[in-house]
Each structure stands twice: as structure tokens, then as C-alpha cells.
1. Which of the listed residues, N145, G93, G105, is farthest toward the dipole's positive end in segment 87-163, when Lys, Arg count +1 and Asp, Glu count -1 at the beta-carbon?
2. Run the quick spin-label model on A233 and H140: label points 7 Å from Cα toward the beta carbon, then report their separation in nm to one decimal.
3. Filter the chain for me: DSSP H helices, axial length by Cα at least 24 angstrom, mean Kyte-Doolittle hydropathy not below -1.0. List them by residue number.
4. Could you let me know the centre-to-centre spacing of segment 121-185 and segment 82-114, using Cα atoms, in angstrom?
5. For the chain, which longest stretch is free of loop sites, where a loop site is one of the GluC sites (Glu not before Pro) that DSSP puts outside H, G, I, E and B and that has at most 14 other Cβ atoms within 10 Å?
6. Using only the alpha-carbon atoms, what does segment 1-132 span along each of its principal axes? Please give whole angstrom values in decreasing order.
7. State which stretch of the chain is the longest one without any exposed trypsin sites (Lys or Arg not before Pro), exposure meaning a DSSP loop state and at most 14 other Cβ atoms within 10 Å.
8. Average projected area of the Cα convex hull of segment 87-163, in nm²?
Amino acid sequence: MLARDRIIVGLEVGTSKVCAVVGEMLEDGNLMIIGVGQAASDGVRKGEIVNMEAAMRNIQSAVAAAEDSAGVEIHNVYASVSGGHISSFSNRGSVVVTNDDSAIGEEEVRNVMLNAKSVSIPVDHVVVHAIRQHFFVDGHDGIQNPVGMVGSRLEVDVHVIHGVRNRLMNTIKCIKQVPLDVANIAVSSFASALAVLTAEHQQLGAVVIDMGGGTTDYIVYREGTVQHSGVIAVGGDHITNDIAVGLKIPMNRAEQLKIEHGNTLVSERSEEIALKREVGMPERTVSKQQLCRIINLRVEEMLMLIRQELEKQNLLDYLGAGVFITGGCARLRGMEALAYQVFGGLPIHVGPGENNKSGGGLAGRPSDISGPTAAIESPEFSTAIGLARYALYSQRDQHQPPTVWQRAGQKFQQLVAKVRMFM
């Protein structure tokens, strides 16, 4: 029987699926995936809980499957959050160094971080992540650790991700009623990036696009730190709905067509797809060309919205490692080719596997994750695996100075305390 403190679990409560990934922290500090569980999700819409009882059943099913797969009991999880209410911005804080010898110490670092995070957000919002980027000492930038340096002014840039308190609380409360303890939370894009990006990718610059059922989450790294992030309230379910409306067929048939025959690229060749007779639906054929055109228009729109945001933030030219696409929609045929067109020839990586798909560039995935190939190379598991890796950092380095990933979750305990007030 594995020691309880060596088991870490990532739980994604998504729009189309609930996914639980069980990891074991090895002696060398790395992560071994030992079990996974999935369940269909019918209590979540656009990344947010809309039916508490249904979501609880889905979570219970996924967790039970993960327990059977790993041969362990699950008691606490690291969970993802998403939704159109999540926003982000970057802010700079500064403090004057008043020590007699002008040496910067831990107190100055704490104060400048507090100053950077003391920003005005809507009263009903709470900070999920406050991710440190770079320090500045007397205007000198790019400093990662200023402790011990001499200066008169210390500044820091921080990327702040925040969301509506009550909507975040609904996800936490739902998981706690399963019952499971929530050790920490992370936004989906942040977790997915942990599953697919290496430190070298982050340094070269990369955008991770997590295309789920109800939302498309993205996060941008430049020079090793998070520069920008966001959520688009459009995902795979919207593609399915477009197909259902465009071809005048039920949603279940539209989903099946998307999976079995869909392609983000439109072929010039005309081809018909036969639909079997069902109750209330006669036997008929539909045009594969029309099906793919519907998919192409929606996926291109989703990718273009992100490209436009990157251009607005002046980040498109700093993505040396390229574009990483994960989530369930990453499985759509032709995704790499369409993304290559939309992002002007940048390297495209689809899924968390080893192979780089288009445009040259750097391939690979984080080396401290191992386990069944079917799990670690499946784009559907990226968020949950990233959450497990997030937990790995917290447990592996609990007796050491906090890493960037731990610092990103420091506000969570305040959020949990507020949730408990309502339980």
C-alpha cells in the first residue's frame, strides 16, 4: 500500500468530461502517473458548475475509476477552475529600500510583492494566482532573486489572475461535498502549461491553448515567466452545436460526426456521409465538405481570437518555441495545419507528446513526468496531469523556499477560508 503522503491527484471538472489523474511522488522527486479516471460531465457549462448534484455524481464516477486504476484511496485533490469570468493583468509594485547598508532582504521582497498585489479588482472577485515575473533593482531588470543585492529601490512585475469569488466557490464546494478535500486550485491554462512545457519552452516563449468543451483557455510565456493569460467562452461544444444547426441534425449525431468524420481543413473533393435511420429521423446523407467547412469556420475563429489578443499584447513575435494546443479539441484532424496557417508559420505542437508537428522548433515535454503513454500523451489529460505536477512542486519543495508555482497558489488559502464561511 502506497503511503498517503506520496499520492497526489489532479482533478479537472470540465464541461464535457471530469478527469482525475493519480500520481505517485517518487524517491527522486519525480512524478509517476499510476492511474486515471474519466466520466462524462453534464453538470458543467462553459467551465462552470450549473448543476451541483450532477457534477458531484460525475466527480464521484471519475474518482472511483481513478481509485480502481491506481489501487489507492483518494482523499484530497488539486482542482482546476475555468470560465469566462476569469481575467488577468500584469502590475508593477515598488518599495524604497531603507536599510542602513541598502541591502535587500526577505522583508523588502515580501513588501514589494504585497505592493504589486495590492491592486483594485472588482469587489466580488478574488485573486487565484499572483505570479512573480521579474524584479528590478534601481531600474536594472531581469533579476530573479534580489536578496543580498544593494539598491535604493526594489520593483517587481506580477501577473495577477482573478475570478468571481462565488463561481470559484461553487467548484470547491461541489468537490468538498463528494467528499474530497481541495488542497489547491489552478486555472486550467496554467495547469495545462505544466503538463506540456519544459523550462526551455518557457524561456524561448510559448503559448499554450487548452481547447476544452465549453471554454478555450490560453497562457503565454516569455523569457521563462507568464506574460499573459485569458479565457474564451467558446469550445468544442460550440463546434458540435454549429454542426447540429448547419446540418439540421440532433446534437448526439453532430458530436459523432465531428469525432468520426470531422476535419478543420476543407477538402475540394465532394463526399457524402450516410446517416443511419433513427427514431424520428429518416435515413439520409450529409456533405462531408459542408461538415468540415462548419468546423473550419469555428476553429479558425477561436484561433484567430487568440492571435489577435497576442498581437494586441505585442507577444506574437516572442514565441520561439511556438504554439502548444491541447485539450479534447486538439484531436480534431487538420488542427496542426490550420493553426500553422493562423499563426503565420510558428512551430505548432498538438498534444503533450514528443513530436513537434509543424514549422521546426523545439519538441519534448517535462522530464519529471512518467507513466502510461496513453495517459501522458493524451491531450484530454493535460490539465489533470498538470495539476498533479503542480501538487508535486508543493510537496517536493515544502521545506525549501517557494517556487514560482507555489507562489502562484498562495492566495488559495484565503479563498478556502472564505468558502468555509458558507459551509
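Just so it is clear, none of the values below were taken in a lab; they were calculated from the coordinates. Quick caveat: nothing in here was measured; it's all calculated off a predicted structure. Using ideal geometry, Cβ is built from the backbone for each residue, glycine included, and neighbour counts are taken over all protein chains shown.
1. Projecting each Cα onto the dipole axis, the largest value belongs to G93.
2. 4.7
3. Answer set is 52-70, 288-312.
4. Cα centroid of segment 121-185 versus Cα centroid of segment 82-114: 11 Å apart.
5. Free of exposed loop sites, the longest segment is 74-222.
6. The principal-axis extents, from largest down, are 61, 40, 17 Å.
7. By the stated rule (loop sites, at most 14 other Cβ atoms within 10 Å), 1-247.
8. 4.9
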